[in-house]
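First comes the structure, then the notes that go with it.
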Amino acid sequence: ALVHMACQHAKSSECGYGCSCSEQPDRCGNRALQRGVRKRLLVFPLGGKNAAKGWGVKAGEPIQAGEFVCEYVGEIITAAEAERREAACPAAGLYHFELSGGRFLIDAFAVRNVAAFINFSCDPNLEPRRLDALSGDKSLPRVGFFARRDIKTGDELGYRRDPNATTRKNRSGSIVCLCGSNNCVGRV
């Protein structure tokens, strides 16, 4: 895909309506989130020693380092609402992704896409990137997962949990890590 010189934003932004490529957005390589999931991803139940993790996501085709995989989607809520929801259902905190210094979060507990099934890993093959929304509101970025390295068909996808990924109450690393990596630190 073509990336126009004027569209070579930092990793934190995608092209929008005011870019020089807006007349041919399908030819611009800087619109990954806008295009949506393009890679085949397989949601599967984990069994055996991994059964406690519940579900996982595998690559259904090879993914090259740097390629967009999927967006982390959910409801945008305030930190106060996140704490209220977590008090009512502690598991909800596992699906919170903090944005912009903690004022807002993405809550993927009830409203989600395939990204909510991607497990945490101490040896991640994905990296989350915050990308400015087309609205220009930097306090409400979108989050996309990109391949950190080449991923083979059948590899389970995983990302390192953001230390600010949940509400302040749970930032003590109280969640036991089940990634099974040789680099596992034991808690996320």
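The values are calculated or read from the model by the stated rules, or taken from the named source; none is laboratory data. Values in this document were obtained by computation on a predicted structure and should not be read as measured data. Cβ placement follows ideal geometry from the backbone for every residue including glycine, while neighbour counts extend to all protein chains displayed. The area values use the complete protein model at the heavy-atom level, side chains included, leaving out ligands, DNA and RNA. Shrake-Rupley method; radii C 1.70, N 1.55, O 1.52, S 1.80 Å.
General observations
- Arg142 basic (Lys, Arg), buried (at least 17 other Cβ atoms within 10 Å of the Cβ) and either in contact with a strand residue (DSSP E or B) (Cβ under 8 Å, 6 or more places away or on another chain) or touching a residue at least 12 places away in the same chain (Cβ under 8 Å) (or both): yes
- Selection over region 1-15 of residues that are assigned to a loop (DSSP other than H, G, I, E, B), modelled with pLDDT under 75 and either touching a Pro at 6+ places or on another chain (Cβ under 6 Å) or under 19 Å from Arg130 (Cα atoms) (or both) gives a count of 5.
- Single condition Lys152 does not satisfy, out of (1) modelled with pLDDT under 90; (2) surrounded by fewer than 18 Cβ atoms within 10 Å (Cβ to Cβ); (3) within 27 Å of Lys49 (Cα to Cα): (1)
- Output for region 93-112, where each listed residue is assigned to a helix (DSSP H, G or I) and out of contact with any strand residue (DSSP E or B) (no Cβ under 7 Å at 6 or more places or on another chain): Gly93, Leu94, Ser100, Gly101, Gly102
- Flag if Val114 is closer than 20 Å to Arg35 by Cα, open to solvent by less than 10 Å² (accessible area, probe 1.4 Å) and among the hydrophobic types (A, V, I, L, M, F, W, C): no
- Among the residues of region 28-52, the ones that are surrounded by 10 or more Cβ atoms within 10 Å (Cβ to Cβ) and either at pLDDT below 75 or assigned to a loop (DSSP other than H, G, I, E, B) (or both) come to 11 in all.
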